[in-house]
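Input: a single structure, listed below in structure tokens.
The values are calculated or read from the model by the stated rules, or taken from the named source; none is laboratory data. Keep in mind that what you see is a predicted model, and the values were worked out from it rather than measured. Counting neighbours? That spans all protein chains shown, and the Cβs are built from the backbone with ideal geometry, glycine included.
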Amino acid sequence: MRRLAPCLLLAAALLVAPAPAAAQDLNFGYVPSPGPGEKPALLVTPARAVKSMHVEITAGAKTYTFDKGALPADKQVSFPWPRDPAVTEASAFIRAVFPDGFVDEYTVPINYSYTERLSVDLSKASADLKGQTVKVKVTAKVDTAEVISYGARKVILDQRSVEVGAGPGEITIPWVGDPGEVVLLDVNLHAGGAYAGFTFSPWFLDIPHDDVLFETNSAEIPASEAFKMEATLTQLKDVLDKYGGIVPVKLYIAGCTDTAGDNAHNKELSNRRAKSIAAWLRAHGYDKPIYYYGFGESLLSVQTGDGVDNAANRRVLYLVGANPPPPSSGIPQVGWQSL
């Protein structure tokens, strides 16, 4: 599957570095304003381990090819090409193979200039849903930001210029639009004669559903409970129809237990049940990325003491979004497992 950068979640717009790509599997960026003696470069940061990566950079009339073996998660890799002030446009083709067999291909257009440098680091970007702000790191003082907010099916909700007056370092950018409807933010930062752009999605949904009733110590979905899974699958397809055209929708399945029994056993059981549900959805036609995690008794719906058998806490959460659930959702940041 080949993806064009302007359509990617946290995708690199013109003159931005680094800017994460779709679904957080790969984060893309580039050096937008190479300094004296500095080479232009594509920057890639895998959000999860990569088995192999092939990169082709076409700049001017020349193509530069790179092949990398195994790459760890969260470590930025640079792909530079020779400095030529007469050439300020390039195109990058990236093909990544992941250990689980998934293959992604991306095409990233790159425009750069040998002038004042402004770049954006989105590797730790975060959104405050209540405060309606996004925080990112920049390399220079930012004067203003042009912000466009999009809703479902990429309807423009609002568009305006906001004052920033901060940087270098972490800056806070106000949202525009109703935070309950905003699916994607398109932001262009201005710093004197330099600018950088990025897109960011603060959107996520908690899918309402009827919980599957598992047998004691079992992670197998009983045939009598399949109708609940079918109802959830229908809701997920509706979500894809409404939001799939604007952001890469990912499903996060969180398994939870009550406090009865051993804590370690509960965590392992909740993980198996979350994986079982994920596998059922995949087997019945849900083909988008699925992640799961067993929280055991650490994510109680009803606070109880230890050893309490409470049906409300024996649950599974279905969360969809372009990114993992943010801290403001009440879901801890964990190492979600890919199905």
Yes/no for Ala127 being over 24 Å from Val247 (Cα atoms) and among the small types (Gly, Ala, Ser): no
Unmet criterion (only one of (1) under 25 Å from Trp203 (Cα atoms); (2) in contact with a helix residue (DSSP H, G or I) (Cβ under 8 Å, 6 or more places away or on another chain); (3) not β-branched (Val, Ile, Thr)) for Ser161: (2)
Segment 89-136, residues that are among the polar types (S, T, N, Q) and either more than 28 Å from Pro174 (Cα to Cα) or out of contact with any Phe, Trp or Tyr (no Cβ under 8 Å at 6 or more places or on another chain) (or both): Ser91, Thr107, Asn111, Ser113, Thr115, Ser119, Ser123, Ser126
Where Gly180 falls short, out of the listed (1) assigned by TED's automatic domain parsing to the domain that holds Gly165; (2) in a loop (DSSP other than H, G, I, E, B); (3) within 30 Å of Ser119 (Cβ to Cβ): (3)
Output for segment 80-99, where each listed residue is of a type in the set (A, V, I, L, M, F, W, C) and touching a strand residue (DSSP E or B) at 6+ places or on another chain (Cβ under 8 Å): Trp81, Val87, Ala90, Ala92, Phe93, Ile94, Ala96, Val97, Phe98
Residue that is surrounded by the most Cβ atoms within 10 Å (Cβ to Cβ), among those in segment 240-279 that are among the charged types (D, E, K, R) and over 19 Å from Ser338 (Cβ atoms): Asp258
Evaluation of Asp241 against (1) within 27 Å of Leu26 (Cβ to Cβ); (2) over 23 Å from the mean Cα position of the chain (by Cα) (one fails), failing number: (2)
Residues of segment 47-84 classified as assigned to a loop (DSSP other than H, G, I, E, B) and more than 23 Å from Pro109 (Cβ to Cβ), total: 9
Looking only at segment 280-312, and only at residues there that are among the small types (Gly, Ala, Ser) and surrounded by fewer than 16 Cβ atoms within 10 Å (Cβ to Cβ), the one that is nearest to Gly244 (Cα to Cα): Gly285
Hits in segment 88-101 - residues which are of a type outside the set (S, T, N, Q) and either closer than 28 Å to Gly60 by Cα or in contact (Cβ under 8 Å) with a residue 40 or more places away in the chain (or both): Glu89, Ala90, Ala92, Phe93, Ile94, Arg95, Ala96, Val97, Phe98, Pro99, Asp100
Some residue of segment 243-250 being out of contact with any strand residue (DSSP E or B) (no Cβ under 6 Å at 6 or more places or on another chain) and part of a helix (DSSP H, G or I): yes
